[in-house]
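Some notes on the structure that comes next.
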Amino acid sequence: MNKELIMNLQSSFNNIVNVLEDSDIEFWYARDLQKVLGYERWENFANVIEKAKTACKNSKIEVSDHFRDITKMVFIGSNTQRAIEDIMLTRYACYLIAQNGDSKKGQISFAQTYFAIQTRKQELIEQRLELEDRLQARTKLKESETELSKNIYERGVDDRGFGRIRSKGDMALFGGNTTQNMKDNLKVPNKRPLADFLPTITITAKNLATEITNHNVKQKNLYGENSITNEHVQNNESVRGLLGERGIKPEELPPAEDLKKLERKVKSDEKKMIKQSALPKKKNNR
């Protein structure tokens, strides 16, 4: 996501922020959020809101603290007004909506970051977007490696064989450096996966090679450790060649921050957001 797009989206989201009177609690109207998230029909957006409410409830958080039904008057022309249903949403509610929205929409990925942090400073939004990209890349790599492990187990390769295949793939990607060489170079703790300390581009490269291997193992009906190893090595060499054409040597890239620490920070931010964004309780009228 380029900086110009981030600035445009940031401006759109900033323009719909509201603040409760006599407080610093921010909230958003669902009808306004619907538009900036790219949903044309209220019915479709209402379905996303219901999913977000369910996620809130499943987290054992009071739904009414973050989703509050209201009715407001809107002009429909000729100085005529009519009442429409709307929902006051806290930052946490908006975050859950973004988490349950259509991931193909560019606005959704931005919204996940925008509502996750307690500031609207552009540089912090950019940093968080980079973190989210890295977390997503790592998740995809885990999924593709899990799939490869299952695929090759059915084709005569046990867990140790999978480890050897993955290790030789790493050697091909990292210019002859073994997984342990790379862990030593990047000062990765022995019991931690190398991928948790790799930059996004390297994680993505590993995932691409693994996805190709998964595809070709099935398409070519490969069987046995040797044939699958050769396939995986060739795919990693091809990906390395592609990176090399753009002047990138994976083994020379500096380490990235420990993903486990970043995940803990994300969870900590979410807890703070929940605590700080709740709407005040409704007063009972007697």
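Where a number appears in this text, it was derived from the coordinates with a stated rule and is not lab data. Computed from a predicted structure; not experimentally measured.
Observations, loosely collected:
- Centre separation in Å (Cα based) which lies between segment 187-256 and segment 59-127: 39 Å
- Axis angle, to the nearest 10 degrees, between helix 122-153 and the longest C-alpha principal axis of the chain: 50 degrees.
- Percent RCO, i.e. relative contact order, over the chain, from Cα pairs under 8 Å lying at least 6 residues apart: 19 percent
- Rounded to whole Å, sorted largest first: equivalent-ellipsoid semi-axes of the chain, Cα gyration tensor: 46, 20, 18
- Set of lysines near Lys249 by C-alpha distance (under 20 Å), chain-local residues within fewer than 8 positions excluded: Lys168, Lys183, Lys187, Lys206
- Expected 222 nm ellipticity per residue - DSSP helices of 4 or more, -39500 (n - 2.57), all of the chain, to 500: -19500 deg cm²/dmol
- Listed cross-link partners Lys3/Lys150; Lys35/Lys275; Lys140/Lys271; Lys53/Lys105 are compared with a 31 Å cut-off, the Cα-Cα value being larger for Lys3/Lys150.
- Relative contact order, percent, segment 3-116 [alpha-carbon distance under 8 Å, six or more residues apart]: 27 percent
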